[in-house]
Amino acid sequence: MTRDLKRYSHRTMVVWPELSFATPRKLPKARELKGRVVVLDIAFASESSSGGFAKITKPFIEGLGDRLAAWVDHHDHDLHPKYASDSRFVLATKAQHGACPEMVTPELVARIGTIDTIVCHTDFDGLCSAAKWINGGHETYPGSDDDARAIDTRIGTPSATGQRFDRAIRARPRDVALLGLLVRHLATKLADPSLWKAVDDAGAGLIALETSAKEHARDYQVVPVKSRPWQSIAVLKVPVGSNYDRTLLLLLGQQKADIAVLIDRDNMTLAAPFDSKINFLSLLSISGGMPTLVSLPAHRLSEILITLGIESPRTLGLT
């Protein structure tokens with residue numbers, strides 16, 4: 001998913017890099033990316049992804065070769081130490097940096113130098129990181145780093161500005177044109193007020209998805225758990241074809257229990273509060289990702305629920 005955002009600023013005469021929007025599971029083809037490349041807020045793939053690091057991340061790194069200028073990320077992964085001696089890789093854990101933009105500093109941008117393409121994650125964290133890089137490592141608006149942290153950890157309340165961006169992204173996460181516009185709005189430090197209309201129009205579409213999420217949340221089954229650091233798990237299987245705000249539905253599950261488990265089609269997502277000290281990565285022997293938010297194949301549901309402390313998953317009627 002590549003969006004050409006090359007623009008000339010009449011005041012600064014700066015050429016914008018091209019943008020490619022990606023996820024840890026779906027990276028662009030290295031050969032299709034122009035020039036020197038910076039990767040922002042893209043986690044190393046784990047075995048919970050199809051193919052994992054060996055088949056997704058490693059070929060991408062090797063395909064870029066010397067054209068990889070920097071890789072900046074804040075998700076946990078067992079293979080981070082392997083790249084510690086390579087100054088292009090600026091890697092941290094989620095506990096060290098709750099969001100990626102705070103890792104994009106003026107010093108880092110200056111050290112890396114001129115780049116031609118930015119590959120970034122499709123959430124606010126990733127888009128804000130890209131815009132901050134374009135701005136030489138400076139915040140895109142006052143408090144944007146704090147907003148990124150609040151949105152990515154779901155701890156605290158982001159500003160009204162951050163919420164407008166977040167709602168637009170959650171409503172249309174695969175709309176490449178919208179994502180490009182959001183980066184443009186951020187990178188120009190919100191200078192063009194007319195761009196807010198597209199942001200807010202997109203965000204308005206979240207209302208129906210939120211309503212659907214609240215309706216689905218009524219069907220969470222809360223199961224008490226013994227002999228675990230957590231005391232309860234909320235489990236929900238949504239009907240195939242349902243449209244809803246996944247973030248809100250997981251948060252509503254966490255209001256009902258210590259852990260929320262959401263099953264949708266062929267996947268399931270486990271979520272716990274960022275400050276819960278629950279670490280699904282170590283618990284389930286997953287090499288990387290977010291400690292409190294992981295996605296796994298749904299066929300592993302019974303196995304995972306037993307590991308979490310539910311002794312008889314079949315009684316939940318989820319299969």
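If you filter segment 159-181 down to residues that are under 11 Å from F21 (Cα atoms) and among the small types (G, A, S), you find that the one that is surrounded by the most Cβ atoms within 10 Å (Cβ to Cβ) is G180. Please work out if S276 is in contact with a strand residue (DSSP E or B) (Cβ under 9 Å, 6 or more places away or on another chain), more than 19 Å from G317 (Cα to Cα), of a type outside the set (F, W, Y) and assigned to a loop (DSSP other than H, G, I, E, B). Spelling it out, S276 is indeed in contact with a strand residue (DSSP E or B) (Cβ under 9 Å, 6 or more places away or on another chain), more than 19 Å from G317 (Cα to Cα), of a type outside the set (F, W, Y) and assigned to a loop (DSSP other than H, G, I, E, B). When only residues in segment 12-70 that are charged (D, E, K, R) and over 21 Å from L91 (Cα atoms) count, which is surrounded by the most Cβ atoms within 10 Å (Cβ to Cβ)? Of everything passing the filter in segment 12-70, E18 is surrounded by the most Cβ atoms within 10 Å (Cβ to Cβ).
Within segment 265-315, the set of residues being surrounded by 18 or more Cβ atoms within 10 Å (Cβ to Cβ) and farther than 21 Å from K94 by Cβ comprises L301, L305, G309, I310, P313. Look at A234 and say whether it is of a type in the set (G, A, S), in contact with a Leu (Cβ under 6 Å, 6 or more places away or on another chain) and surrounded by 15 or more Cβ atoms within 10 Å (Cβ to Cβ). Answer is no for this residue. With the condition kept exactly as written, say whether any residue in segment 128-135 is farther than 18 Å from D275 by Cβ, out of contact with any helix residue (DSSP H, G or I) (no Cβ under 8 Å at 6 or more places or on another chain), of a type in the set (G, A, S) and in contact (Cβ under 8 Å) with a residue 60 or more places away in the chain. Taking every residue of segment 128-135 in turn, none turns out to be farther than 18 Å from D275 by Cβ, out of contact with any helix residue (DSSP H, G or I) (no Cβ under 8 Å at 6 or more places or on another chain), of a type in the set (G, A, S) and in contact (Cβ under 8 Å) with a residue 60 or more places away in the chain.
Looking for something over 23 Å from the mean Cα position of the chain (by Cα), within 24 Å of T23 (Cα to Cα) and not in a helix (DSSP H, G or I) - is there at least one such residue anywhere in segment 194-217? No, segment 194-217 has no match at all. For T117, work out the one condition from (1) of a type outside the set (A, V, I, L, M); (2) closer than 25 Å to A271 by Cα; (3) touching a residue at least 40 places away in the same chain (Cβ under 8 Å) it doesn't fulfil. Failing condition for T117: (2).
Would you confirm, using the coordinates I've provided, whether R184 is among the basic types (K, R), in contact (Cβ under 8 Å) with a residue 24 or more places away in the chain and in a helix (DSSP H, G or I)? Yes; evaluated as a whole, the condition is true for this residue. In segment 182-221, how many are of a type outside the set (F, W, Y), surrounded by 15 or more Cβ atoms within 10 Å (Cβ to Cβ), touching a strand residue (DSSP E or B) at 6+ places or on another chain (Cβ under 9 Å) and within 30 Å of G317 (Cβ to Cβ)? The qualifying residues number 3. Here T12 meets the list (1) assigned to a loop (DSSP other than H, G, I, E, B); (2) modelled with pLDDT of 95 or more almost entirely, failing just condition (2).
The values are calculated or read from the model by the stated rules, or taken from the named source; none is laboratory data. As the structure is a prediction and not an experimental result, all values here were calculated from the model. Cβ coordinates were reconstructed from backbone atoms using ideal geometry, including for glycine residues, and neighbour counts include every protein chain displayed.
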